[in-house]
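Working notes, beginning with the structure itself.
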Amino acid sequence: MRPKRALLATATLAVAGALTVGMTLAMAPSASAGTTLRAAAAEKGRYFGAAVATGKLSNGTYTTVLNREFNSVVAENEMKWDATEPSQGRFVYTGGDRLVSHAQANGMSVRGHALLWYQQQPVWAQNMSGSALRSAMINHVTQVATHFRGKIYAWDVVNEAFADGNSGGRRDSNLQRTGNDWIEAAFRAARTADPGAKLCYNDYNTDGINAKSTGIYNMVRDFKSRGVPIDCVGFQSHLGTSLSSDYQANLQRFADLGVEVQITELDVMTGGNQANVFAGVTRACMNVSRCTGITVWGVRDCDSWRGSDNALLFDCNGNKKPAYDAVLNALNSGPSIPNPTTTPPRPTTTPPNPTTTPPNPTTTPPPGGAGCSASVSVNSWTGGFVATVKVTAGSSGTRGWTVGLTLPGGTSVTGTWSASASGSSGTVRFTNVDYNGQLGAGQVTEFGFQGNGSGAGMTPTCTAS
């Protein structure tokens, strides 16, 4: 969804010169080299990062682990389109600036996630199409990348533009319908706005050599042959209980095109094989000289969008899990990048489901009188689902909204984006967040959630305030 670009920490960044100094500091071995993830990675010329929700920076356990273990951060949501341009031409950088300041103060680089994504678009962009949307999207890329110029190691310029399945083709979206060259146009705009940032394409379900990863490979090869500015490819790597046998080979074939490869949103389902999968990913990255770093999507298990999967390296109390030791050992035993010259940074956004991503709802509910109305579309797999809920304001608009959903028995919510959830089973109420509560008459916004169990038969109700 990222997921990037990088920044290192000095008290004052005088753009080019100071950014170089900051990168040198973050990559240099320290007295504790090899005893933390950040030190072990930096000793080998790489970064080890985490996705951060800035609202958690006031939590002492969270920040203790973050600052000790990671030398790169990426915003979970604060740099996405809906957060940075909630109304057309009005840009809000509060969350992103806070993350950058934290990174600068703690010797971290920053990945920017994500300039363009078919999800988490603001309502006004969702309602645009054609040349108007093309103009708006290029302006968004230009304005946001310019604001953070010199402070981002790598940007996820475009996130999740390729379809799942065997076609190897592009995903249908409002962005794709502006013309097949929209990705190229976005990368060119980003290069102009921030020439020093690495420019990445980011996607999921690309953890081996398959139709989707090959489609992306062909695009990158074409871009490199024509001089389109692309520097890196991000592999989200939301993994289950095993790792594809051709994971490293897939990274290597992209690296052979002359781009960096980065693991951008790593998390692994809990269980007896979790440590082995984490270690396998780390070893694969270390064995590819152009693999510049790894980012896990969250800090502790209770910060993860994957809920009860307990998919990260630390438990909720900040204790190291067996997977932590496996990763640290893999970092320490791996080869260094030959002559590293830059410090690494994804991701996001709330990442998509590890094996599938929700489709856009196919119908738009009619305006709901003076209140609001809601509709839900569900993308299911065995044992779970992702739901996308569309909220439509009635004739009086909304200052805020609440959507109620009664979940089937045995079903629970494990993660939510673009809304706040009250409860996780039975009747769950979702309320707007700060940037999508105020809607004009007939305006539409969306939020989503992931669940365990069945998502069948849910009928949402909407109440406006």
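Sort out which residues of segment 222-241 are more than 30 Å from G307 (Cβ to Cβ) and either surrounded by 16 or more Cβ atoms within 10 Å (Cβ to Cβ) or under 19 Å from the mean Cα position of the chain (by Cα) (or both), and write them in order of number. It would help to see each step written out before you state the result.
First, the residues of segment 222-241 that are more than 30 Å from G307 (Cβ to Cβ): 222-231.
Scanning segment 222-241 gives F223, V228, P229, I230, D231.
Can you name every residue in segment 63-72 that is in contact with a Ser or Thr (Cβ under 9 Å, 6 or more places away or on another chain), open to solvent by less than 20 Å² (accessible area, probe 1.4 Å) and not in a loop (DSSP other than H, G, I, E, B)? Give the steps one after another, and end with the answer.
Step one: of segment 63-72, the residues in contact with a Ser or Thr (Cβ under 9 Å, 6 or more places away or on another chain) are 68-72.
Still in the list and also open to solvent by less than 20 Å² (accessible area, probe 1.4 Å): 69-72.
E69, S72 - these are the residues of segment 63-72 that are in contact with a Ser or Thr (Cβ under 9 Å, 6 or more places away or on another chain), open to solvent by less than 20 Å² (accessible area, probe 1.4 Å) and not in a loop (DSSP other than H, G, I, E, B).
Please tell me if A393 is open to solvent by less than 40 Å² (accessible area, probe 1.4 Å), at pLDDT 80 or above and assigned by the TED database to the domain that holds P460. Explain how you work it out, then say what you get.
Numbers: open to solvent by less than 40 Å² (accessible area, probe 1.4 Å): yes; at pLDDT 80 or above: yes; assigned by the TED database to the domain that holds P460: yes.
Taking the combined requirement at face value, the residue satisfies it.
Quick check, is S109 surrounded by fewer than 20 Cβ atoms within 10 Å (Cβ to Cβ) and either out of contact with any Asp or Glu (no Cβ under 9 Å at 6 or more places or on another chain) or over 25 Å from F235 (Cβ atoms) (or both)? Talk me through it step by step, then tell me what you get.
On the way: surrounded by fewer than 20 Cβ atoms within 10 Å (Cβ to Cβ): no; either out of contact with any Asp or Glu (no Cβ under 9 Å at 6 or more places or on another chain) or over 25 Å from F235 (Cβ atoms) (or both): yes.
Judged against the criteria, S109 is not a match.
Here are N166, N205, N180: which of them is part of a loop (DSSP other than H, G, I, E, B), open to solvent by less than 50 Å² (accessible area, probe 1.4 Å) and more than 26 Å from N71 (Cβ to Cβ)? Outline the logic, then answer.
Values: N166 fails: open to solvent by less than 50 Å² (accessible area, probe 1.4 Å); N180 fails: open to solvent by less than 50 Å² (accessible area, probe 1.4 Å).
Exactly one of N166, N205, N180 is part of a loop (DSSP other than H, G, I, E, B), open to solvent by less than 50 Å² (accessible area, probe 1.4 Å) and more than 26 Å from N71 (Cβ to Cβ), namely N205.
Of the residues that make up segment 117-138, is at least one within 18 Å of D231 (Cα to Cα) and small (G, A, S)?
There is no residue in segment 117-138 that is within 18 Å of D231 (Cα to Cα) and small (G, A, S).
Quick one: in segment 43-62, which of the residues that are in a helix (DSSP H, G or I) and open to solvent by 20 Å² or more (accessible area, probe 1.4 Å) is nearest to I138 (Cα to Cα)?
Of everything passing the filter in segment 43-62, G55 is nearest to I138 (Cα to Cα).
So which residues in segment 418-451 are open to solvent by 20 Å² or more (accessible area, probe 1.4 Å), over 13 Å from C372 (Cβ atoms) and hydrophobic (A, V, I, L, M, F, W, C)?
Result: A421, V433.
The values are calculated or read from the model by the stated rules, or taken from the named source; none is laboratory data. From a predicted model like this one, the values you see are computed outputs, not experimental measurements. Every residue, glycine among them, receives a Cβ derived from its backbone with ideal geometry; neighbour counts consider all protein chains shown. For accessibility, only protein heavy atoms count, side chains too; no ligands or nucleic acids. Shrake-Rupley method; radii C 1.70, N 1.55, O 1.52, S 1.80 Å.
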